[in-house]
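Asker: Pasting a structure here, questions to come.
No value in this document is a laboratory result; all are computed from the given coordinates. Quick caveat, the model's predicted, so the values are computed rather than measured. Ideal geometry is used to build each Cβ from the backbone, glycine not excepted, and the neighbour counts take in all protein chains shown.
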Amino acid sequence: MSTIAPQFRLSRFIGSLFDLIFWVILIFSLVGLPIVFIVLFYIKLPVINNQLMTPYLAMTWMADPSRTLPIVKNFMHTTIFKVMAFPGFGFAALLAAATIFVERKFLAKIQLRVGPLYCGKIEGILQLMGDGFKLMSKEIIIPAKADKPIFWLGPLLFVGAAGAFVSLIPVAPGWVVANPNVGLLAVFAVIGFFPIIAVLTAWAANSKWTFIGGLRALHQMVAFEIPLILSLLGVVILSGSLNLSQIVVSQEHFWWIAFLPIGAIVFFITILAELERVPFDLPEAESEIVAGWLTEFSGMMYGLIQLGTYLKLYAFAGLFVVLFLGGWNGPMVWPPFPQDIVTQGITIGPVTAKFPGLPLFDQEMLNGTLWFVIKTVGVILLILLPRGVFPRVRIDMILHTGWYKLIGLAFINIFIALGLLYAGVLGPGGFLQ
Amino acid sequence: MTTQLPPGMHLETVDDKIMTLNVGPQHPGSGHMRLIIKVDGDYIVSCDPDPGYVHRGEEKMAEYRNYIQNIPHLERPVIHDSSNILYPYCLGVEELLGIEVPERAKYIRVIAAELNRCIYILYWLAIYGIFLGHSTMFMWPAGDRELFIDLLEAMSGARVTHAYLVPGGVRNDLPSNFEERCLRQVEYFEKRLKEYEAVFYQNPLLRARTEGSGILSRTDAIRLGTTGSVLRASGVDFDVRKKEPYDVYENLDFQTIVLKEGDSYARSRVPYLEMFESCRIIKDALKKMPKSGSVRTKLKPNPKGGNDEVYRRIESGRGAIGYYIVSNNRPEPYRVKISVGSFRNLICMPYLLKGEKLGNMPAVYWGLNYWPVEADR
């Protein structure tokens with residue numbers, strides 16, 4: 001199958017490439033560099049390794065890899081890196097993308113299909129990218145009588161709230177974007193945003209299906225938020241802290257799921273409902289209400305909602321790991337960093353590279369991340385599994401479950417936690433701790 | 001709170017609490033039809049089915065074609081149950097023209113009809129699964145359907161619209177190794193069917209959702225004129241194959257599935273249990289079938305019916321299908337009237353949906369074993 005145009009000529013193609021490079025260099029040197037210097041004139045330059053980091057110094061370091069590392073290291077300790085890349089958005093989006101791919105293959109295996117197969121050489125691994133490009137290239141259609149500002153704002157708010165949720169999850173000791181002392185309360189506050197966003201967008205789209213779907217989402221999420229909050233109180237009672245990192249540290253010896261299995265089960269069910277996943281996907285029940293509150297979204301607006309949904313999925317799975325499965329705690333399996341590379345440098349052929357300021361990531365952080373990711377992936381797979389085996393439930397069944405059964409179970413869980421605390425088994429001063 | 005309309009517009013009292021939903025024709029849960037549903041909160045106060053979007057005048061078309069030319073277009077309403085919708089036509093035309101069908105052809109017709117019934121029910125079950133949000137139950141029957149499609153392809157050469165049954169027998173004989181192949185695939189399929197039970201019918205969420213919803217009592221089922229699986233799910237022992245046996249059904253060993261509950265769960269279960277009986281029929285027919293012989297009585301070119309009329313009916317996947325054929329000494333029929341199960345089951349839908357929750361709508365709707373294209377004809 002040839003994709004080369006019939007009038008294609010290689011010489012002309014190469015010529016056009018040179019043209020492009022010429023114009024890029026010209027515009028960069030005439031416009032880009034002056035702008036960079038004008039900006040640099042006004043901002044305060046950072047000092048790295050006792051040297052003022054001017055642009056010339058930065059370029060010199062780029063030519064010499066061993067001198068680049070301090071920049072990288074310095075960057076990795078900034079908040080921007082934490083927000084954008086590692087414990088924040090980039091890491092979560094990577095896991096979310098992997099989740100979508102794994103979900104499709106996993107579900108296909110349950111249903112005796114093959115799933116994505118052709119896009120990308122290996123098992124359709126690039127299918128997600130293809131879908132993303134398709135969504136980006138599609139037209140965004142807005143209903144004529146929609147409340148346009150709020151309709152536009154909906155997906156952005158959704159991704160924003162999901163990102164805020166992600167930023168609260170500690171991945172490794174010290175590696176968390178935001179670490180407030182009332183971390184769990186902050187989580188509850190962020191979760192409380194999602195039904196509001198659903199109802200706002202549903203109302204703004206001005207359609208009957210989105211309206212019904214939005215009301216369903218509101219009922220469902222509100223009904224399940226209370227058991228969600230109550231089921232986590234047991235953990236707070238035993239660990240004596242609302243700070244998520246402190247909660248992880250308190251599980252150094254025992255995971256709370258061993259003492260509070262009821263709370264873990266209730267929390268898991270509420271996760272399914274909050275994420276609108278099967279069997280609680282009523283707000284998007286396509287045979288009754290088309291696509292629920294997502295009916296009128298098209299193109300990348302829908303893509304953003306999906307991105308937010310999967311970020312939320314990762315964040316909830318991470319929260320489950322942090323609260324019940326011991327977070328980053330686990331046996332030290334990561335090999336220690338060879339110290340002589342730091343002290344003596346490494347010789348590759350004729351070049352001897354020195355790494356001042358290494359190690360970039362310490363052993364504890366890498367080990368913690370490894371265990372956190374393993375546990376989170378396990379929980380995500382558990383969240384995906386019901387989609388293959390359960391039908392959808394009805395709204396009255398879901399409300400009955402939320403308001404009656406789960407709240408009762410959550411209270412039983414709190415009493416178990418209080419009993420363990422006052423019997424002197426666990427908690428501050430307990431004989432197991 | 002009711003709003004007063006201006007004088008002259010009192011068609012009905014308008015209630016602010018009532019919302020009208022047009023489910024269809026462009027709705028993932030409707031099919032080629034529209035349901036005008038009025039909801040009060042989550043409860044349906046009235047439902048008005050509006051079929052007719054795929055009406056194509058099959059009955060009128062049949063008046064302009066001769067008895068053989070009618071075959072391909074008459075199976076169009078239900079292309080995935082094409083043998084069964086042709087069956088009563090063939091029986092009627094044979095009676096009109098006075099044709100004897102060879103014994104082997106009768107068995108082959110029964111096998112084709114039962115295979116096609118399984119194809120239809122599997123398709124129906126797949127959509128029932130996805131209507132209830134059970135995606136595995138969509139994929140499994142859709143995949144297992146291939147077994148029977150392959151068998152019918154070997155018999156007739158076509159995968160969907162077979163045009164295999166013709167007045168006078170079947171179009172062509174079976175391929176050489178058909179018996180072993182059919183037996184093997186049917187036995188494999190029976191094993192697969194048992195897995196459906198575990199993953200779908202014994203699923204606690206499915207039972208909680210469908211049991212006790214949309215109950216159709218025995219008297220109502222008879223009074224509203226339902227047929228097929230809907231009738232049998234309400235406890236009425238009626239199956240055309242048993243009560244008015246055609247071809248060789250009286251020689252074959254099978255049971256009529258009757259459930260007493262009359263709710264959505266029973267209506268979803270009757271076709272599933274009927275697939276076991278279909279497999280029994282196929283295996284029995286393969287055993288009792290004459291191993292050789294003619295499969296088709298040759299007709300005269302352009303045969304003419306007498307000045308006569310005939311009504312024949314059979315049991316299809318959706319209930320009884322009846323053909324009323326009138327001829328007036330011409331090669332074309334004077335009038336063909338088709339009575340299909342889908343349309344007769346649709347009649348009870350407003351009764352079932354009134355007072356139900358909106359979430360029960362897909363289960364009740366698809367449990368009626370309704371195929372919109374067949375109902376419109």
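Asker: I need B:276, A:372 ordered by Cβ neighbour count within 10 Å, fewest first.
Answerer: Fewest to most other Cβ atoms nearby, the residues stand as B:276, A:372.
Asker: Also: Give the order of B:227, B:161 when sorted by the count of other beta carbons within 10 angstrom, beginning with the fewest.
Answerer: Numbers: B:227 27, B:161 15.
Ordered from fewest to most neighbouring Cβ atoms within 10 Å, B:227, B:161 come out as B:161, B:227.
Asker: Would you compute, from DSSP H runs of 4+ residues alone, the mean residue ellipticity of the protein assembly as shown at 222 nm, taking -39500 (n - 2.57) per run and dividing by the full residue count, rounded to the nearest 500?
Answerer: Taking each H run of at least 4 residues, the total per residue is -16500 deg cm²/dmol.
Asker: Given +1 on the Cβ of Lys and Arg, -1 on the Cβ of Asp and Glu, and no further charges, what dipole in debye does the stretch A:84-422 carry about its Cα centre, rounded to the nearest 20? Walk me through the numbers on the way to the answer.
Answerer: On the way: 19 positive and 18 negative charges, 117 e Å.
Its charge dipole is roughly 560 debye.
Asker: Something else now. Could you work out how far helix B:103-131 tilts from the main Cα principal axis of chain B, as a 0 to 90 degree angle to the nearest 10?
Answerer: Approximately 20 degrees, to the nearest ten.
Asker: When Cβ neighbours within 10 Å are restricted to other protein chains, what is their mean count per residue of peptide B:132-141?
Answerer: The shielding value for this peptide is 6.
Asker: Please list the non-local residues whose amide H lies under 5 Å from the amide H of residue A:327, H modeled 1.01 Å from N, same-chain partners needing a gap of 5 or more.
Answerer: For residue A:327, whose amide H was placed from the backbone, the distant partners under 5 Å are A:322.
Asker: Follow-up. What average count of beta carbons from other chains do you get within 10 Å of the Cβ of residues in B:362-369?
Answerer: What the average comes to for B:362-369 is 1.
Asker: Spelling out what I want: for every residue of the stretch B:258-275, take phi, set θ = phi - 60°, compute 6.51 cos²θ - 1.76 cosθ + 1.60 (Karplus), and round to whole Hz; glycine and proline get x.
Answerer: 10, 10, 9, 5, x, 9, 4, 5, 5, 5, 7, 8, 4, x, 4, 5, 5, 5
Asker: Check the straight Cα-Cα distances from residue B:260 and name the lysines below 21 Å, setting aside those fewer than 8 residues away within the same chain.
Answerer: Partners found: B:242, B:243.
Asker: Considering amide H positions built from the backbone, and no H for Pro or chain starts, which residues 5 or more places from residue B:34, or on another chain, come under 5 Å of its amide H?
Answerer: Excluding prolines and chain starts, which carry no amide H, the hits are B:50.
Asker: Still on this structure, I have one more. Put +1 on the Cβ of each Lys and Arg and -1 on the Cβ of each Asp and Glu in the stretch B:58-376; which of B:168, B:135, B:148 then has its Cα farthest toward the positive end of the dipole?
Answerer: Comparing the listed Cα positions along the dipole, B:168 ranks first.
Asker: Which of the lysines could a cross-linker span from residue B:287 if the Cα-Cα distance has to be under 19 Å and same-chain partners fewer than 8 positions apart are dropped?
Answerer: Excluding near neighbours in sequence, the set is B:106.
Asker: Using the Cα atoms of chain B, I'd like the radius of gyration and the largest Cα-Cα distance, Dmax, both in angstrom.
Answerer: When restricted to the Cα atoms of chain B, Rg and Dmax are 21.9, 78 Å.
Asker: Let me ask something additional. Rounded to the nearest 0.05, what FRET efficiency is calculated for residue A:363 and residue A:423 with R0 set to 35 Å and r the Cβ-Cβ distance?
Answerer: Details: r = 38 Å, r/R0 = 1.08.
It comes out at approximately 0.40.
Asker: Cross-link list A:145/B:354; B:38/B:194; B:60/B:304; B:194/B:283: which exceed 28 angstrom alpha carbon to alpha carbon?
Answerer: Beyond 28 Å: A:145/B:354; B:38/B:194.
Asker: Compute the distance from the alpha-carbon center of the stretch B:213-266 to that of the stretch A:114-165, in whole Å.
Answerer: 48
Asker: Cross-link candidates for residue A:312: which lysines have Cα within less than 28 Å, leaving aside residues fewer than 8 places away along the same chain?
Answerer: A:82, A:105, A:109, A:134, A:138, A:148, A:208, A:375, A:405
Asker: Sorted from fewest to most neighbouring beta carbons within 10 Å, what does the list B:376, B:308, A:396, B:144 look like?
Answerer: Fewest-to-most Cβ neighbours within 10 Å comes out as A:396, B:308, B:376, B:144.
Asker: Also: Which distance in Å, rounded to a whole number, links the C-alpha centroids of the stretch A:233-262 and the stretch A:181-232?
Answerer: 26
Asker: Here's another thing I want to ask about it. Place a +1 charge on the Cβ of each Lys and Arg in the protein assembly as shown and a -1 charge on the Cβ of each Asp and Glu, then give the dipole magnitude about the Cα centre in debye, rounded to the nearest 20.
Answerer: It works out to roughly 1040 debye.
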